[in-house]
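Here the structure comes first, spelled out in structure tokens, and everything after it is commentary.
Nothing in this text is a laboratory measurement; each read-out follows from the coordinates by a stated rule. Remember, it's a predicted structure, so these values are computed and weren't measured experimentally. FYI the Cβ positions are ideal-geometry reconstructions off the backbone, even for glycines, and counts take in every protein chain you see.
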Amino acid sequence: MCVCTALGALALPSTAHAADTPLRDLAAAKGIHIGNAVAGYKLSGNAQYAAIAGTQFTSLTPENAMKWSSVEPARGSYNWAEADQIVAFAQEHDQQVRGHTLVWHSQNPGWLTSGGFSAAELRAILERHIATEAGRYRGKIAAWDVVNEMFNEDGTYRSSLWYNAMGPGYVADALRWARQADPNAKLYLNDYNVEGINAKSDALYNLVRSLKAQGAPIDGVGLQAHFVLGQVPSTLQANIQRFADLGLDVAITELDVRMQLPATDAKLAQQAADYSAVVKACLAVGRCVGITGWDISDADSWVPDVFPGYGAATMYDANYRPKPAYHAVATALGGGGTTPPPGGACTATYAVANQWGGGFTANVTITCPPGSSLTNWQAAWDFGAGQRLTQAWNAGCRQEGTRVTCSPASWNGSVPSGGSVSFGFNGTWSGSNPVPAVTVS
Ligand code: G2I
């Protein structure tokens, strides 16, 4: 057991950042923005939420406040209160605002979706909407998600109010109207399940390439990045790179990593690895300009409402305490000296030493920094791709389902302060052999 951080979880103040450099400073030093999605009523009604929103991020995205049903619930009757509030909060905290979103198939007001408008009327209504909203915030928005979620999973255009009335040309029209309304805002197309290379991201790629060829005003693509635990696509960086190579900016716009509840230490460690992988992929591509999370804490997240039984998708737990994912993001952004995650400062690394058709050898090294130590350590991980452990040395390991649990041999149960212990094993694999996140206690 860990003898160093027994007080860790209890001793931390509720928004425990005491020794940490805020994410916003780390991100700024790397030349990218770090953002989150926010709701106005929480900024004014929840002090912990507002403190995190104001101090950790360089960019805010209104989660719902700039959507059509929020700003024009009845035709010609506008409600800008929450959007104005978020813009003002961002300005007070020296933050940029990502506008979300001008054109979408969802969260449109009833008067618009059930109005029985002709194609020509819808076109005029959309032009006016973009002119009104982007015009109101002219000069105050760093980037607009001009069109949101225009594709089906197979890369065909989504059937929507706009596509059905105007055909695919609605995208270029919307971009032109947005450029007219706010010439300095970066104009983006934004979608989900386009993070890896697949049919849907191919469609987005072909669209933005043709928009650029036509001279339509397109500055960037937003990859929403609503991920499932352990499923960050291996082609994320290559996909970001191919959009960048077209001369476009790329932003991660709605990052979260959902898991089946309850959250366990192992799942939170995998989630930390997933968040870290996203940050690293973005940092590896010069035109990846920033990363925005979708919701401040697990208490704020949209996930449990939409995916029953799933949640814990953000960087902060429901009590606004930073999770391992927060620390992993800070570390990936170059942070040092962050508060170790509750549960232990000793860490384990897993490395595949040798791999051949159907088999592999891997080593796990448990390391304790000065001031930490372990006695009778336990290491555990999940094999997510069907791997089976066959034989271990310098540890006793067993596998049940995907879960592998290892305990020390008689001679290596103690990891001293500043020291390390290694063990190894053989296993079988097929298809892929990804590196799992190992938890140690
Ligand atoms: O679904 C997750 C995101 C996918 N990409 C586009 C984003 O705009 C979208 O955000 C979510 C918000 O996080 C939710 O908060 O969009 C949902 C649907 O527009 C939002 O949910 C809505 C509920 O459906 C409404 O019932 C509720 O009144 O939030 C509204 C305000 O709380």
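Some values worked out for this structure:
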read-out	value
Per-residue Cβ neighbour rank within 10 angstrom, fewest leading, His33, His100	His33, His100
Pairwise centroid distance, computed over Cα atoms, of region 382-441 with region 40-113, Å	46
Kirkwood Rh and Cα Rg combined as Rg over Rh, evaluated for the chain	1.02
Charge context of Glu153, other residues only, Cβ under 12 angstrom, K/R +1, D/E -1	-2
Computed E for Ser118/Lys280 - FRET, C-beta separation, R0 56 angstrom, nearest 0.05	0.70
Under-5 Å amide H pairs with Gly99, H placed in peptide plane, nonlocal only	Ala142, Ala143, Trp144, Asp145
Mean projected area in nm² (Cα convex hull; one quarter of hull surface) for region 282-406	11.5
Relative contact order, percent, region 134-220 [alpha-carbon distance under 8 Å, six or more residues apart]	39
Asn354-Thr55 pseudo-label distance in nm [points 7 Å out on the Cα-to-Cβ vector]	5.2
Residues of region 350-391 with amide N under 13 Å of a point placed 7 Å along Cα→Cβ from Asn426	354-362, 389-391
Links that overshoot a 18 Å alpha carbon limit, given the list Lys267/Lys323; Lys30/Lys267; Lys186/Lys212; Lys42/Lys267	Lys30/Lys267; Lys42/Lys267
The chain, relative contact order [Cα under 8 Å, separation at least 6], %	15
Mean residue ellipticity (222 nm) of the chain, computed from DSSP H runs ≥ 4 via -39,500 (n - 2.57), nearest 500	-9500 deg cm²/dmol
Long-range tail of P(r) for region 171-317 (Cα pairs > 23 Å, %)	39
As computed over region 337-441, the Cα convex hull volume per residue (Å³)	102
Cα-Cα P(r), region 180-257, percent of pairs per 5 Å interval	3, 16, 27, 25, 15, 8, 4, 1, 0
Taking Lys212, Lys67, Lys42 and counting other C-beta atoms within 10 Å, the order from fewest to most	Lys212, Lys42, Lys67
Residues listed by number, region 372-402, amide nitrogen under 12 Å from Ser417 label point at 7 Å toward C-beta	372-374
Fully extended contour minus Cα-Cα distance, from Asp202 to Gln378, at 0.36 nm per residue	59.0 nm
Separation in nanometres of the label points that stand 7 Å from Cα toward Cβ, at Gln231 and Asn152	2.0
Per-pair calculated FRET efficiency, R0 = 25 Å: Gln107 and Ser210 via Cβ, rounded to 0.05	0.35
Ala74 paired with Asn319, simple spin-label distance in nm, labels 7 Å along Cα-to-beta-carbon	4.5
Which of Thr439, Thr375, Thr253 has the fewest Cβ neighbours within 10 Å, and the rest in rising order	Thr375, Thr439, Thr253
Of the DSSP H helices in the chain, those whose Cα atoms cover at least 24 Å axially and whose Kyte score averages -0.5 or more	119-136, 265-283
